[in-house]
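Single-structure report; data block below.
The values are calculated or read from the model by the stated rules, or taken from the named source; none is laboratory data. Given the structure is predicted, the values throughout are model-derived calculations rather than measurements. A quick note on method: Cβ atoms are made from the backbone with ideal geometry, for glycine too, and the neighbour counts reach across all protein chains shown.
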Amino acid sequence: MIPILTIDGPSGVGKGTVARIVAQKQGWHLLDSGAIYRAFALAVQNKRVDITDTDALEKIAQKLDLEFKPTADGELLNVYLDGKEVSSILRTEQIGEIASKIATVSAVRTLLLKRQQAFAKPPGLVADGRDMGTVVFVNAAFKVFLTASVTERANRRLKQLQKQGHPGIMAQVLAEVERRDRRDCSRQHAPLKPAKDCLIIDTSELSIDEVVTQVMKIIKV
Ligand code: DC
């Protein structure tokens, strides 16, 4: 049995950072499932496919040439689409928005399922996303759901944008976070919701270190 920790939650909750730190501490593999949806969204954009054309979406998903390689310092994973490094393009709001729309297509989710499950390898896996504990790794030994108020998540997102040199407008960021929440939570297939057997952590008042400490407590191998 490969130990798997799933970390699900809405956008801007800090799951990516927590997942990366916990994976490093444990020496486990890391799955950033959002990056798979984002890379798929970029492929769709590059091929100028209409996102309502499900047949075309399916074809792209079947042929998706996607690779994750560690950065030189081994700290992060770079994403390669068709052999080209695309990590920073993937983080843009525009790609996140397309990814969130495409993620509502059930055929796409089914096609991307095996690709995600293939990340489960010894000595263990930390999987971050929206449906890791409810669909992709239902039998995972450890499940966490991170939440935070929408204002707090928009605040964090705004700070992140400013750190990257973008001005960012709070009202706009807040509206984007709310729109993404609505779509991710209300979609028919694999909507964002806590697994029945998960630990829910409200991170609104917690630092990253405090969240990591709580998550590490539940990992018992
Ligand atoms: O976590 P993220 O912001 O990188 O994800 C981008 C979008 O991809 C998100 O709005 C919905 C979709 N997604 C998903 O549907 N299921 C996942 N497991 C991960 C992401």
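For this structure, a couple of remarks:
- Residue match in segment 199-206 (condition: without any contact (Cβ under 8 Å) to a residue 24 or more places away in the chain and either out of contact with any helix residue (DSSP H, G or I) (no Cβ under 9 Å at 6 or more places or on another chain) or not β-branched (V, I, T) (or both)): yes
- Inside segment 5-28, residues that are touching a Gly at 6+ places or on another chain (Cβ under 7 Å) and over 18 Å from D202 (Cα atoms) make up a count of 2.
- Segment 171-191 residues that are within 26 Å of L111 (Cα to Cα) and part of a helix (DSSP H, G or I), paired with ones that are among the hydrophobic types (A, V, I, L, M, F, W, C) and more than 12 Å from the ligand (Cβ to nearest atom) (beta carbon under 9 Å, 6 or more apart): D181/V150
- Residues within segment 189-198 that are in contact with a helix residue (DSSP H, G or I) (Cβ under 7 Å, 6 or more places away or on another chain) and more than 8 Å from the ligand (Cβ to nearest atom), tallied: 5
- Set side by side, the residues A127, A120 differ, and just one is within 14 Å of the chain's Cα centre (by Cα) and not in a helix (DSSP H, G or I), which is A127.
- Condition broken by P122, with the remaining ones in (1) out of contact with any helix residue (DSSP H, G or I) (no Cβ under 8 Å at 6 or more places or on another chain); (2) away from the ligand (no atom under 14 Å from the Cβ); (3) free of Cβ contacts under 8 Å to residues at least 24 places away in the same chain; (4) of a type outside the set (K, R) satisfied: (3)
- Residue match in segment 139-148 (condition: modelled with pLDDT of 95 or more and part of a helix (DSSP H, G or I)): no
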